[in-house]
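J.: Submitted below is the structure of interest, expressed as C-alpha cells.
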Amino acid sequence: MGKVKTAIQGLDELIEGGYVENDVILITGGPGAGKTTFGIQYLVGGATAYNEPGVLVVMEETPARMIRDSWRFGWDIEKLVAQKKIKIIYANPFKYTKFAKTPEGSPLSVIASSKNIGEIFQQIQAEVNAIKAKRVFIDSITSLKLSTEPSEARYIVSEFIKNLEYLDCTTLMTSEIYSREAFSVEEYLSSGVIRLHVFRVGGSRVRAIEILKMRGVKHDETLHPYDIQEKGIVVHPTETVMNDEMSLFDTVGAK
Ligand SMILES: Nc1ncnc2c1ncn2[C@@H]1O[C@H](COP(=O)(O)OP(=O)(O)OP(=O)(O)O)[C@@H](O)[C@H]1O
Ligand SMILES: [Mg+2]
C-alpha cells in the first residue's frame, strides 16, 4: 500500500506514515481553523520536497487571494505554476461571470466558470494529465452544496467524490462544519476525515487535530495540539489535548 507524505510536520506518524495513495481525504473545521493552509502546504510540500506535482481547485476564495496568503508562509505558488509543478483551476460553480480567457500574466491555467459539476471534473482531469499530478487539493466543496435542496446536494457531493476516486491522485478537500451533531455526506463518503478543532480555554485558543477516520489505517485517536507557525502548520504528536473538558467550548457549538 503506497503512502503519500502529508507535508505537515508531526502528522505522518499519526497515520502510519502518510495518506493511503489515491484516497480522498476530507479536512473539516470551523472558520479560520487552517483548512486552506493545510491543503496548500500539502501541494507545496509535494511539489518542492517529493517531486509530486499537484492541482489546486479553488471553489470559494479567489486564486489571487490564496497566492497572496501563501506568501506569508514563504510559499511561492506562482513560481511553482511556472515550473509546471502546480496548476490552478478557478472553479466557482456559483459565479455567473463568464471569463473569456485567462487574464494576461495570470498563473491560472483554466478558469472554469461553469456551474456544471461534470465540466469542472473534466477540467480537473485535464490538468492532472497535463502535469502528471499526483496530488489534488479542492478548497472547498461546501459551495457545491449551497443553493440546492439537501437531497440534490447529497447527490452532487457523492457523485463528485466518486469521480475523484477515479483520478490517479491522492486528493484533499475541505468542508466547513455547520452542526456538531450531524455527520455530513462527505464525511461518510471520504476514505479519511481529519478535523481541525479550535477550542476556547479561558481567554485563549487551543487548536487540536483529530483523525476522525482513515480507512485501512491504524490511526491515532487522541486529540493533538497543532499550531500555525511561520512556515505553516505543525502538529505536536507527543502532546495531547484533553477534549472532555474543552469540547464545551468548541467553537462550533459555542457561537
Ligand atoms: N503566519 C501566521 N502565523 C500564525 N497564524 C497564522 C499565520 N497566518 C495565518 N494564520 C492563522 O491562520 C488562520 C487562517 O487559516 P486558513 O485560511 O487556512 O483557515 P481556513 O480554515 O481555511 O479558514 P476559512 O474557514 O476562512 O476558509 C488565520 O485565522 C490565522 O489565525
Ligand atoms: Mg479556507
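No value in this document is a laboratory result; all are computed from the given coordinates. Remember, it's a predicted structure, so these values are computed and weren't measured experimentally.
J.: On the first, second and third principal axes, largest extent first, how far apart are the outermost C-alpha atoms of segment 113-226 in Å?
T.: 48, 34, 26
J.: Moving on. Past the 25 Å Cα-Cα mark, which pairs from 85/145; 35/134; 5/162? Could you put the intermediate results ahead of the total?
T.: Working: 85/145 30 Å; 35/134 20 Å; 5/162 23 Å.
In this structure, 85/145 lie more than 25 Å apart at Cα.
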